[in-house]
Amino acid sequence: PFRKIADGKSNISILVVGIGRQNAEKSTRDFLAGGASAPASRLHNSLTAQPSVVLTCGFAGGLNPNLKLGEVVFETTDENLRVQLLSAGAKPAKFFCADRIATTVAEKKALRAETNADVVEMESAAIHAVCRERGIPCATVRVISDTADEDLPLDFNALAKPDKSLDFGKLFLAIARSPGKIGALMQLQKKTSFAAKQLSAVLSKVTFP
């Protein structure tokens, strides 16, 4: 949904970094170096200069049981971004950047106990590190797509390629073995669609220099 808002705005650029720290770091470095290594299909309204601010956005899993589906949360050390995001309706939260998708309630509870984090995702720590090197203000802005008290319908870690992208062959095989999961996967799709709209609504209120 945010792509529709950003369309035609020359001061906003969107980069899809892929899943996980390694993909996020490489994509961000390539983009900030001029985008030479990033496929054109992954860039939207490409900027020619270093961005004045970077937001690392997307979905996240809830670890704090008080966070509900569609709630938008953020973390930043930049005061201007903090004020803007609070005003836009996002809530401050503590993030944990994991190396794998937390797919079960048990995993989420364990991460909550170990890290005291409210939210888990897989890319932002790497993006923040690159931005710190370059002195670019950065904020993580994520929307809860699965809450602390719900399991994901499949173990998506087992369905990933080495680069962490989804292996559709493995996915179709998993569905064929457990056709009862189809309903749960459709529900997940509806939830992520709703969450994406909530995230877009918050981002639309942020003022981009």
How many residues of the stretch 143-186 are in contact with a Leu (Cβ under 9 Å, 6 or more places away or on another chain), farther than 17 Å from Thr103 by Cβ and not in a helix (DSSP H, G or I)? The answer is 1
Would the stretch 158-165 turn up any residue that is modelled with pLDDT under 95, among the hydroxyl-bearing types (Ser, Thr, Tyr) and open to solvent by 30 Å² or more (accessible area, probe 1.4 Å)?
yes
Could you count how many residues in the stretch 168-209 are open to solvent by 40 Å² or more (accessible area, probe 1.4 Å) and either within 18 Å of Ile19 (Cβ to Cβ) or among the charged types (D, E, K, R) (or both)?
10
Output the residues belonging to the stretch 188-198 that are more than 19 Å from Arg3 (Cβ to Cβ) and either touching a residue at least 12 places away in the same chain (Cβ under 8 Å) or aromatic (Phe, Trp, Tyr) (or both).
Leu188, Lys191
Can you find, within the stretch 96-127, the residue that is surrounded by the most Cβ atoms within 10 Å (Cβ to Cβ) among those that are of a type in the set (Lys, Arg) and not in a loop (DSSP other than H, G, I, E, B)?
Lys108
Going through the stretch 157-177 one residue at a time, which ones are of a type outside the set (A, V, I, L, M, F, W, C), in contact (Cβ under 8 Å) with a residue 24 or more places away in the chain and at negative phi?
Asn157, Asp163, Ser165
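The values are calculated or read from the model by the stated rules, or taken from the named source; none is laboratory data. Computed from a predicted structure; not experimentally measured. Because the Cβ atoms are built from the backbone with ideal geometry, glycine has one as well, and the counts that use them run over all protein chains shown. Surface areas here come from the heavy atoms of the whole protein model, side chains and all, with no ligands, DNA or RNA. Shrake-Rupley method; radii C 1.70, N 1.55, O 1.52, S 1.80 Å.
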